[in-house]
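A quick write-up on the structure given underneath.
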């Protein structure tokens, strides 16, 4: 694809859903205010807040505030997108933070490759003790990931974290926003849907955002997340316009997610759910299992467990 060297400063609208986030919200907003990219619109959508979040946001007079009562993060994000004026949309959650050059580095690439619909970077996890770690980075070089490869990657695993994404507003207008039936994994469902619609994805393998993991994170509800992720994958695989090359591998993709869920439950010492999900994985496609899976299966038969 041809590069364009002329740079411009397209407006980027940053959408932040907020629900009782007073403990970490100032850290999030400080990291966004410190962005070196100059043309930013920040939209905070407060969903059913009962704490001091609104007062914290008002310390940043440039931020637009909307208040809703949805109790639904997908509806909350969509509400913000519909009111965004930017040509590009970026996302962050109220307890996460960005590298100061996050938008600048990604917008430089989007200016060079104007046909790209979505760019995503790596996102590190961190905790309240300021320990940082990377989980399952994508083993791809920097650049455009073409169709059908991008859809295969996303059907197999959720590689894209919302904190590292910028997407064209027009692309969302064409393919639809977040599915409001999803209260978890709504971002994974959207990325797969965009890939199935043959949107152009660009991968920047640089850590430019940070996802906070703590007891209040959505990740704590692992069972709901696991079930909704499988539902999202099934929805994409059931699309009538999806090529048969993907549909023939339906069992393989689903088995991969059941296997991943099983090992998550094993590490949580939820052995009944481990057994339930590993059986489903084995039934669908035994080739998704590895030697460690079989060791865990044998260990549960004999009643001893290890990570």
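Somewhere in the range 134-146, is a residue at pLDDT 95 or above, outside the structural domain of residue 288 (by TED's automatic domain parsing) and over 27 Å from residue 35 (Cα atoms)? So far as the range 134-146 goes, yes, one or more of its residues are at pLDDT 95 or above, outside the structural domain of residue 288 (by TED's automatic domain parsing) and over 27 Å from residue 35 (Cα atoms).
Only one entry in 144, 160, 150 is within 24 Å of residue 208 (Cα to Cα) and assigned to a strand (DSSP E or B), namely 144. The set of residues in the range 42-57 that are in contact with a strand residue (DSSP E or B) (Cβ under 8 Å, 6 or more places away or on another chain) and part of a loop (DSSP other than H, G, I, E, B) comprises 48, 49. Of the helices (runs of 4 or more DSSP H) that lie entirely inside the range 235-292, those containing 2 or more residues that are modelled with pLDDT of 95 or more, more than 24 Å from the chain's Cα centre (by Cα) and not assigned by TED's automatic domain parsing to the domain that holds residue 193 span 244-247, 271-284. Here 131, 115 are screened, and the one residue that is within 23 Å of the chain's Cα centre (by Cα), surrounded by fewer than 21 Cβ atoms within 10 Å (Cβ to Cβ) and over 30 Å from residue 147 (Cβ atoms) is 131.
Can we say residue 17 is in the same structural domain as residue 162 (by TED's automatic domain parsing) and modelled with pLDDT under 95?
no
Answer yes or no: is there a residue in the range 291-299 that is touching a residue at least 24 places away in the same chain (Cβ under 8 Å), surrounded by 14 or more Cβ atoms within 10 Å (Cβ to Cβ) and under 24 Å from residue 186 (Cα atoms). Among the residues of the range 291-299, not one is touching a residue at least 24 places away in the same chain (Cβ under 8 Å), surrounded by 14 or more Cβ atoms within 10 Å (Cβ to Cβ) and under 24 Å from residue 186 (Cα atoms), which makes the answer no. Could you tell me whether any residue of the range 185-203 is surrounded by fewer than 20 Cβ atoms within 10 Å (Cβ to Cβ) and closer than 29 Å to residue 30 by Cα? No, there is no match, as no residue in the range 185-203 is surrounded by fewer than 20 Cβ atoms within 10 Å (Cβ to Cβ) and closer than 29 Å to residue 30 by Cα. Any residue that is crowded, with 20+ Cβ neighbours inside 10 Å, at pLDDT 95 or above, touching a helix residue (DSSP H, G or I) at 6+ places or on another chain (Cβ under 7 Å) and under 20 Å from residue 136 (Cβ atoms) - is there at least one of those in the range 214-226? No. Considering only residues in the range 252-263 that are closer than 13 Å to residue 226 by Cα and in contact with a helix residue (DSSP H, G or I) (Cβ under 6 Å, 6 or more places away or on another chain), the one that is surrounded by the most Cβ atoms within 10 Å (Cβ to Cβ) turns out to be 262.
Could you give every pair whose Cβ atoms fall below 8 Å, whose first residue belongs to the range 208-236 and is under 24 Å from residue 124 (Cβ atoms), and whose second residue is at pLDDT below 85, counting only separations of at least 6 or pairs across chains? From the range 208-236, the pairs are 213/219; 222/268; 225/218; 225/219. Could you tell me whether the range 14-35 includes any residue that is on the phi < 0 side of the Ramachandran plot, more than 17 Å from the chain's Cα centre (by Cα) and assigned to a strand (DSSP E or B)? No, the range 14-35 contains no residue that is on the phi < 0 side of the Ramachandran plot, more than 17 Å from the chain's Cα centre (by Cα) and assigned to a strand (DSSP E or B). Scanning the range 18-28 for residues that are in contact with a helix residue (DSSP H, G or I) (Cβ under 7 Å, 6 or more places away or on another chain) and crowded, with 21+ Cβ neighbours inside 10 Å, we see that the one that is farthest from residue 71 (Cα to Cα) is 25. Say whether the condition of being surrounded by fewer than 23 Cβ atoms within 10 Å (Cβ to Cβ), modelled with pLDDT under 95 and either in contact with a helix residue (DSSP H, G or I) (Cβ under 7 Å, 6 or more places away or on another chain) or farther than 29 Å from residue 265 by Cα (or both) is met by at least one residue in the range 163-179. The answer is no; no qualifying residue exists.
The values are calculated or read from the model by the stated rules, or taken from the named source; none is laboratory data. This is a predicted model, so every value here is computed, not measured. Glycine also receives a Cβ, built like all others from the backbone with ideal geometry; neighbour counts cover every protein chain displayed.
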